[in-house]
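The values are calculated or read from the model by the stated rules, or taken from the named source; none is laboratory data. Not measured: the values here are computed from a predicted model. Note that each Cβ is placed from the backbone with ideal geometry, even for glycine, and that neighbours are counted across all protein chains shown.
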Amino acid sequence: MKTDVKKLALTGCLAGLALVIFVVEAQLPPFFIPGVKPGLSNVVVLFTIYSVGRKEAFCVLLIKVLLGSVFAGNPISLMFSICGGFFACSVMCFASCFLKDKQIWVCSVFGAVVHNLGQLVAAVFVMETTSVIAYAPYLVIAAIVTGTFTGIAAMMSVKYVKIRK
Amino acid sequence: MKLSRSNLFWVGIFLIVAVLCVFAIFFAQNNNGETVCIYVEGELFKEIPLSDDGEYVVSTSYGENIVEIKDKKVRVKSADCKNQICVETGWISGEGLPIICSPHKLTVEIVGKSENDLDI
């Protein structure tokens, strides 16, 4: 198997970028609902899906989540991140099959909604109570708002950042 | 961003979902609670009537949270957890939304009656 070195280097750079955004974002004060973050590092994951490849997007996500919790988290937040991140990445990869470049924001909203619901599932297991499901409507609204914004940012990135293949 | 027909379709879908969520939030809100239940890892840790004003220390192997009850409202006054989400949640006054502290696996809920009366 021939390794595409350019792609490998590019994936590494994107993973680093996602990680930096993730760590910086973790330091930001919360807005509106406690615990809700804009999910800016998802811009990088979306960009990777649309401009590089789906496999690479999963690599970026894995590196971001694992190293991110080393730099800015704890074992429990790692569980939340993995749960949300992998649900979201799977759904976004699937959605990217039939959503064109002009509809990346839709893909992003799907990803954000599934990410938040995935974290809620993680919360049910961590807290061992189903009462946390009461947060679901809040999380879905937050996901639609943040997903739209990060999606538009990702759309711009895909449009203007050209990668030489 | 130009709103093409397909984009409008998705804007519509998401707006409908958002409105449904707002309805769900409004219907879930009430102020019927009488008892504050503090759970750690799903186990009932402490049960306090909502009318008993005061500060209650919840100390477990995960860490310490101080729960305050005042004027039929509950909040986590302080906690030694890392993310402080439980403290930032602020006061809750009715059934519905619990206060969550995920690093300490703690939830604080207001329930209608005493836990012992529920036949689950």
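Some points to look at:
- The residues in the stretch A:119-131 that are more than 7 Å from chain B (Cβ to nearest Cβ) and out of contact with any Cys (no Cβ under 7 Å at 6 or more places or on another chain) can be counted, and the count is 4.
- Within the stretch B:14-40, restricting attention to residues that are closer than 20 Å to residue B:91 by Cα and touching a Phe, Trp or Tyr at 6+ places or on another chain (Cβ under 9 Å), the residue that is surrounded by the most Cβ atoms within 10 Å (Cβ to Cβ) is B:36.
- Residue satisfying condition, being of a type in the set (S, T, N, Q) and within 23 Å of residue A:121 (Cβ to Cβ), within set A:77, A:51: A:77
- Neighbours by Cβ (under 7 Å, 6+ apart or cross-chain): first from the stretch A:1-24, of a type outside the set (A, V, I, L, M, F, W, C); second part of a helix (DSSP H, G or I): A:7/A:56; A:11/A:56; A:11/A:59; A:11/A:60
- Test: residue in the stretch B:41-57 that is of a type in the set (D, E, K, R), assigned to a strand (DSSP E or B), within 13 Å of chain A (Cβ to nearest Cβ) and exposed (fewer than 14 other Cβ atoms within 10 Å of the Cβ): yes
- The set of residues from the stretch B:82-101 being buried (at least 19 other Cβ atoms within 10 Å of the Cβ) and at pLDDT 85 or above comprises B:85, B:86, B:89, B:92, B:98, B:99, B:100, B:101.
- The set of residues in the stretch A:58-81 being modelled with pLDDT under 90 and hydrophobic (A, V, I, L, M, F, W, C) consists of A:70, A:71, A:72, A:76, A:78, A:79, A:80.
- Looking across the stretch A:78-91, just one residue is surrounded by 20 or more Cβ atoms within 10 Å (Cβ to Cβ) and of a type in the set (S, T, N, Q), and that is A:81.
Residues checked against (1) within 8 Å of chain B (Cβ to nearest Cβ); (2) part of a helix (DSSP H, G or I); (3) within 30 Å of residue B:98 (Cβ to Cβ):
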residue	(1), (2), (3)
A:93	no, yes, no
A:107	no, yes, no
A:117	no, yes, yes
A:133	no, yes, yes
A:163	no, no, no
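- Here residue B:83 passes the criteria (1) at the interface with chain A (Cβ under 8 Å from one of its Cβ atoms); (2) touching a residue at least 24 places away in the same chain (Cβ under 8 Å); (3) part of a loop (DSSP other than H, G, I, E, B) except the one numbered (2).
- Qualifying position, being at positive phi and more than 14 Å from chain B (Cβ to nearest Cβ), among A:12, A:16, A:35, A:39: A:39
- Any chance residue B:99 is under 13 Å from the mean Cα position of the chain (by Cα) and more than 9 Å from chain A (Cβ to nearest Cβ): yes
- When the stretch A:23-67 is limited to residues that are over 12 Å from the mean Cα position of the chain (by Cα) and of a type in the set (Gly, Ala, Ser), the one that is nearest to residue B:101 (Cα to Cα) turns out to be A:35.
- The condition of being closer than 16 Å to residue B:15 by Cα, aliphatic (A, V, I, L, M) and in contact with a helix residue (DSSP H, G or I) (Cβ under 8 Å, 6 or more places away or on another chain) holds for only one of A:139, A:117, that being A:139.
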